[in-house]
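Below: one structure, written as structure tokens.
The values are calculated or read from the model by the stated rules, or taken from the named source; none is laboratory data. Quick caveat, the model's predicted, so the values are computed rather than measured. Here Cβ is always computed from backbone atoms with ideal geometry, including for glycine, and neighbour counts include all displayed protein chains.
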Amino acid sequence: MSPSGRESDAAAVAPILPIRKVVWFLLRFALFYGLLLAPWPGLTEGFGKVFASAADRVFGSEDPTHRVRIRWMDPDQAMIGPEWAQDTVLVLEFRGGPRNARPAIFSLVRSSRYTGYVPAALLLALVLATPVPWSRRLWAILWGLPLVTVFVGAMLLLVIQGWFHQEETRLLMTLQPHVPSAWDRFVQSFWQISNWMMPYYVVPTLIWILVTLRPGDLDPILAADARED
């Protein structure tokens, strides 16, 4: 076979290699993600109790005007069904009004599985499935899990502070004319975002890219695309 023939065959095979790597990555990701999300006995309950205890230790408050209590609840007792794993109860109490006024109390039930465990599992599955040396995967996990923990805590704090800000604004409106400021609208918008599930998938994916991938990791794919063009 002539050299030009070998070159043409190599050029035809080269674009297939990155595609195989992508498919292999997706298969490994599905395997790791499935294993991490499998209903292992005691995992959901154990994680839920630890999640609620840690959240109450960090965010719980007995402040006379801003009381915060976070407790674990058996998902079977939730009104919307145990399949949603609603096991974390936030009880927020605001006493910023007149002394004899009744406090504003807000009770919210959230899922530690979907707002705590799933983001961590997603990051772990992405890192473990990435075709890079195991030393880089280990460092990615050591850096990524704390970042995911900070994100989960920030979302929980956003729920708490957003509600208190809303109650304080409502109190101001009863005492004097009050036009919501740009800051009020900003806080309200982010408080609504904290109730969406999309950030719990998008942010861990961005963290995976940040702690795992390097610019050189894309060179084989970009080189294959250039040959294909």
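Overview of results
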{"item": "Filter result (part of a loop (DSSP other than H, G, I, E, B) and among the charged types (D, E, K, R)) within the stretch 12-71", "result": "Asp63"}
{"item": "Considering residues of the stretch 57-90 that are aliphatic (A, V, I, L, M) and loosely packed, with under 14 Cβ neighbours inside 10 Å only, the residue modelled with the lowest pLDDT", "result": "Ile80"}
{"item": "Leading residue by the ranking (nearest to Leu43 (Cα to Cα)) among those in the stretch 118-166 that are hydroxyl-bearing (Ser, Thr, Tyr) and out of contact with any Lys or Arg (no Cβ under 7 Å at 6 or more places or on another chain)", "result": "Thr149"}
{"item": "Every pair of residues 6+ apart whose Cβ atoms lie under 8 Å, when the first sits in the stretch 33-52 and is under 15 Å from Pro119 (Cα atoms) and touching a residue at least 40 places away in the same chain (Cβ under 8 Å) while the second is among the basic types (Lys, Arg) and buried (at least 17 other Cβ atoms within 10 Å of the Cβ)", "result": "Thr44/Arg113; Phe47/Arg113; Gly48/Arg113"}
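Okay, residues lined up against (1) over 21 Å from Gly34 (Cβ atoms); (2) in a helix (DSSP H, G or I); (3) of a type outside the set (Lys, Arg):
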{"residue": "Ser107", "(1), (2), (3)": "yes, no, yes"}
{"residue": "Tyr117", "(1), (2), (3)": "no, yes, yes"}
{"residue": "Ala121", "(1), (2), (3)": "no, yes, yes"}
{"residue": "Pro131", "(1), (2), (3)": "no, no, yes"}
{"residue": "Ala140", "(1), (2), (3)": "no, yes, yes"}
